[in-house]
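Encoded as C-alpha cells, the structure appears first; notes follow it.
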Amino acid sequence: MNWDLIWSSFGPLITGAVTGTIPLTLASFAFGLVLALLVALMRLSPNWLLSGIGRFYVSVIRGTPLLVQLFVIFFGLPSIGIRLDPWPSAIIAFSLNVGGYAAEIIRAAILSVPKGQWEAGHTIGMSRPQALVRIILPQAARVSVPPLSNTFISLVKDTSLASLILVTELFRNAQQIAAFSQEFMALYLQAALVYWVICLVLSTAQSAVEKRLDRYVAH
C-alpha cells in the first residue's frame, strides 16, 4: 500500500467536497425545499386538481430510483432535443428528488400544528396566507427540522451518483485517483471518511438549529 499516495490524496478529495459535493448539495436542497413547500401546499389545497397534481408528483418521485431520475434528465432528455450539461442535470435531478420527499415532511409538519393556531390568527385579523407565514410555518419548521436534516444528509451522500454523469465532486476525484494508482480500497475508504466527517458536522448543526427554533413552538 502506497501511504504517500494515500496521504496526498486527501487534498484532492477535500477539494472535490468543497468545490463539488457541498455546492451541489446546497443548490439542490435550496431549490428542492422551495419546490417541496409548493407541492406541500398543493397537497393541502381543497382544489382537487392541485391536490391531485401534488400527489402524482410525490408518487412518481418516491416510486422511482434517484439514479433513474438522474439518467432520464442527462441521457434521456437529449433524445427529445433538450441537452443539459452535467451540473444543471445533477441539480435538477437532485432538486426534484428532494422536492418529492421533503413535500411530505412539510405537509405533515403543517398538519401537526393545532387548528387553534389558525383560529388565533383569524381572531386577530390575519388572512389565511398571513397566518400560514407568520404563525403556522414557524411552528412547522421546528417539527420538520429533524426529518429535513436527514434528507439533507442523505443528499450529501447521494451526490456521489453525479460522478456517473461526469460531475467533478468528491467521489469522482476518488475514482480518478483510484483508477490511476490501483489503490481502490484505500481511496474509497478515504472518500467514505470524508463523507462521514461532513455528515457529523451537519448533525451537530442540526442540533443547534433545533434549539434555536424551539422558541417558536407553542406550549
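The values are calculated or read from the model by the stated rules, or taken from the named source; none is laboratory data. In this text the structure is predicted, and so the values were computed from the model without any measurement. Using ideal geometry, Cβ is built from the backbone for each residue, glycine included, and neighbour counts are taken over all protein chains shown.
Overview of values
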| item | result |
| --- | --- |
| The lone exception for residue 94 - which of (1) more than 16 Å from the chain's Cα centre (by Cα); (2) crowded, with 18+ Cβ neighbours inside 10 Å it fails | (1) |
| Region 4-51, residues that are of a type in the set (Ser, Thr, Tyr) and in a helix (DSSP H, G or I) | 8, 9, 15, 19, 21, 25, 28, 51 |
| Single residue of region 188-206 satisfying the filter (surrounded by 12 or more Cβ atoms within 10 Å (Cβ to Cβ) and either not hydrophobic (A, V, I, L, M, F, W, C) or not in a helix (DSSP H, G or I) (or both)) that is modelled with the lowest pLDDT | 206 |
| Leading residue by the ranking (nearest to residue 94 (Cα to Cα)) among those in region 147-170 that are in contact (Cβ under 8 Å) with a residue 12 or more places away in the chain and hydroxyl-bearing (Ser, Thr, Tyr) | 159 |
| Residue among 95, 89 that is in a helix (DSSP H, G or I), over 26 Å from residue 110 (Cα atoms) and not hydrophobic (A, V, I, L, M, F, W, C) | 89 |
| Members of region 52-84 that are more than 20 Å from the chain's Cα centre (by Cα) and either of a type in the set (A, V, I, L, M) or under 17 Å from residue 162 (Cα atoms) (or both) | 53, 75, 76, 77, 80, 82, 83, 84 |
| Subset of region 42-84 [touching a residue at least 24 places away in the same chain (Cβ under 8 Å), under 16 Å from residue 102 (Cα atoms) and of a type in the set (A, V, I, L, M, F, W, C)] | 44, 58, 60, 61, 66 |
| Qualifying position, being buried (at least 19 other Cβ atoms within 10 Å of the Cβ) and either out of contact with any Lys or Arg (no Cβ under 6 Å at 6 or more places or on another chain) or assigned to a helix (DSSP H, G or I) (or both), among 151, 168 | 151 |
| Selection within region 85-130 - touching a residue at least 24 places away in the same chain (Cβ under 8 Å) and not hydrophobic (A, V, I, L, M, F, W, C) | 86, 89, 95, 97, 99, 100, 101, 104, 107, 112, 114, 117 |
| Only one of 143, 113 that is farther than 30 Å from residue 21 by Cβ and buried (at least 20 other Cβ atoms within 10 Å of the Cβ) | 113 |
| Residue 105 being in contact with a helix residue (DSSP H, G or I) (Cβ under 8 Å, 6 or more places away or on another chain), among the β-branched types (Val, Ile, Thr) and under 29 Å from residue 164 (Cβ atoms) | yes |
| Filter result (of a type in the set (A, V, I, L, M, F, W, C) and either buried (at least 16 other Cβ atoms within 10 Å of the Cβ) or in a loop (DSSP other than H, G, I, E, B) (or both)) within region 71-86 | 71, 73, 74, 82, 84 |
| Tally, over region 126-169, of residues that are more than 26 Å from residue 83 (Cβ to Cβ) and either out of contact with any Leu (no Cβ under 6 Å at 6 or more places or on another chain) or at pLDDT below 90 (or both) | 30 |
| Matching residues in region 171-211 - criterion: being in contact (Cβ under 8 Å) with a residue 24 or more places away in the chain, among the β-branched types (Val, Ile, Thr) and within 17 Å of residue 160 (Cβ to Cβ) | 177, 194, 198 |
| Of the criteria (1) at pLDDT 90 or above; (2) among the basic types (Lys, Arg); (3) more than 28 Å from residue 100 (Cα to Cα), which one residue 215 fails | (1) |
